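Asks: Once you've had a glance at the structure underneath, I'll fire off some questions.
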Amino acid sequence: MRVLLCNFFLFIAIFASSEAKTVVVLDPGHGGKDNGARWYGISEKTLNLDVAKRVEVLLKKRGIPVVMTRRTDTFVSLDYRAQIANRHANSIFVSIHFNAHSNRSIKGIETFYISSKGKNLAQNIQKRLANRINTNDRGSKKHHFAVLTKTRGVAALVECGFISNHWENRRCATTWFRDILAQEIASGIAAYCNTL
Ligand SMILES: [Zn+2]
């Protein structure tokens, strides 16, 4: 009986701690055989990973636990990305992408969500990026991206700029600009975490 009780309290303790812990799952879009968009010699997959790693450093400095869906130039399926997020009871999933359009004059930053909690997260990120960065504020929008629909926790997908636009492409190619993007994404995620 005593052993049973001990196991019961241990179960409660583990359950309670996993419930309380918020984990940010950063998802650098594409990777490996999937380049994502490719314009003017730059692959989206490389930019995504670079920005995600910068966000990871900034969040960890704030004491926020981070899990990455990939750390290298490897292909990860959309299902597996969502599975990584779904391992955690309280995950905040942020997918990082850069945009492209056949109309090269289109530029700007936009963030997507599905749920109402996701909307709050997306708005926190979008607001900071739009305030800091000189480009079109394309806003936060509801969109059924597979990686968002498959994720059970709070989720947002940020499109950090159009690499099909030459002006935006040249800027995205610099580390100083990717650092600014990371600062504002991390600050938006941290602000959302503070509302929990
Ligand atoms: Zn993408």
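Asks: Between a first residue in segment 96-118 that is modelled with pLDDT of 95 or more and a second residue that is within 15 Å of the ligand (Cβ to nearest atom) and of a type in the set (Ser, Thr, Tyr), which pairs have beta carbons less than 6 Å apart while being 6 or more apart in sequence or on different chains?
Replies: Listed pairs, sorted by first residue: Ala100/Ser164; His101/Ser164; Arg104/Ser164.
Asks: Can you name the residue in segment 159-196 that is under 18 Å from the mean Cα position of the chain (by Cα) and free of Cβ contacts under 8 Å to residues at least 40 places away in the same chain and, of all such residues, is nearest to Asn136 (Cα to Cα)?
Replies: Among them, the one singled out is Phe177.
Asks: From the list Lys45, Lys53, Lys21, which one is open to solvent by 20 Å² or more (accessible area, probe 1.4 Å), within 20 Å of the chain's Cα centre (by Cα) and modelled with pLDDT under 95?
Replies: On the way: Lys45 fails: modelled with pLDDT under 95; Lys53 fails: modelled with pLDDT under 95.
Answer to the check: Lys21.
Asks: List the pairs whose first member sits in segment 121-145 and is within 16 Å of Ile96 (Cα to Cα), whose second member is assigned to a helix (DSSP H, G or I) and among the basic types (Lys, Arg), and whose Cβ atoms are under 7 Å apart, counting only residues at least 6 apart or on separate chains?
Replies: Going by the 7 Å Cβ cut-off, the qualifying pairs are Ser140/Lys119.
Asks: Another question about this same structure. Could you list, in sequence order, the residues of segment 25-39 that are in contact with a strand residue (DSSP E or B) (Cβ under 9 Å, 6 or more places away or on another chain), of a type outside the set (Phe, Trp, Tyr) and either open to solvent by 40 Å² or more (accessible area, probe 1.4 Å) or part of a loop (DSSP other than H, G, I, E, B) (or both)? Walk me through it before giving the result.
Replies: Of all residues in segment 25-39, those in contact with a strand residue (DSSP E or B) (Cβ under 9 Å, 6 or more places away or on another chain) come to 25-30, 35-37, 39.
Remaining after also requiring of a type outside the set (Phe, Trp, Tyr): 25-30, 35-37.
Gly29, His30, Asn35, Gly36, Ala37, listed by residue number.
Asks: Continuing with this model, one more query. Before we move on, is Phe162 of a type outside the set (D, E, K, R), more than 22 Å from Thr22 (Cα to Cα) and in contact with a His (Cβ under 7 Å, 6 or more places away or on another chain)?
Replies: Considered against the rule, which asks whether it is of a type outside the set (D, E, K, R), more than 22 Å from Thr22 (Cα to Cα) and in contact with a His (Cβ under 7 Å, 6 or more places away or on another chain), Phe162 comes out as yes.
Asks: Counting only residues that are assigned to a loop (DSSP other than H, G, I, E, B) and within 14 Å of the ligand (Cβ to nearest atom), which one in segment 56-80 is farthest from the chain's Cα centre (by Cα)?
Replies: Our first condition is that a residue be assigned to a loop (DSSP other than H, G, I, E, B); within segment 56-80, this holds for 62-65, 69-77.
From the residues that got through so far, the ones that are within 14 Å of the ligand (Cβ to nearest atom) too are 69-70, 75-76.
Values: Thr69: 10, Arg70: 12, Phe75: 17, Val76: 15 Å.
Out of the qualifying residues, it is Phe75.
The values are calculated or read from the model by the stated rules, or taken from the named source; none is laboratory data. Fair warning: this is a prediction, and the values are worked out from it, not measured in the lab. A quick note on method: Cβ atoms are made from the backbone with ideal geometry, for glycine too, and the neighbour counts reach across all protein chains shown. Areas reflect the complete protein model, heavy atoms only, side chains present, ligands, DNA and RNA absent. Shrake-Rupley method; radii C 1.70, N 1.55, O 1.52, S 1.80 Å.
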